[in-house]
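Asker: Below is the structure I would like to discuss, written out as structure tokens.
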Amino acid sequence: MKTSKGFSLIEILIVIVLIAIIAVIALPNLVASKENAIKVSMISDLRNLITSEESYYLNNQSYTSTISNLSGYQTSEGNTVNINTLTGTRGWHADVFNSTIEDTKYCTIFVGVDSSGDDFADNEEGVRLISDSQENSVTCTGF
């Protein structure tokens, strides 16, 4: 009687096929998880920006569009924040992009009221121009 040690070619091929099937199932979930983590970091950066801008406003009675003016504010790795103060308004808005995902995926926040004192609303295309002054909601696009 012949006894062999080791695995046959069929057994090895079956294991390889099973690993490939598991990889095909798991890979899309990993990619989605990574994008979701990036989105959460972008939202977090904008929420932290609110605190920094309000602190700056308390000291200077105006908002700033320069990140270096905001003491202690840092963005998450890979995130780039662009701040714009709104001319003729008491407010600002900011966009955040991440260098590891497409430029079509970004988050935005608008804070403040227009010169008439009214909260900004959605424009004709349904794009959020500025949030309710109490809510300061973040809008993410492309996710």
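Each reported figure results from applying straightforward, stated rules to the coordinates on display, with no laboratory input. Because the structure is a prediction, the values reported are computed rather than measured. FYI the Cβ positions are ideal-geometry reconstructions off the backbone, even for glycines, and counts take in every protein chain you see.
Asker: Counting Lys +1, Arg +1, Asp -1, Glu -1, what net charge surrounds VAL31 among other residues with beta carbon under 15 Å of its beta carbon?
Answerer: +1
Asker: Another question about this same structure. List the GluC sites (Glu not before Pro) in the range 26-83 that DSSP assigns to loop (not H, G, I, E or B) and whose Cβ has at most 15 other Cβ atoms within 10 Å. Which are they?
Answerer: Qualifying residues, ordered by number: GLU77.
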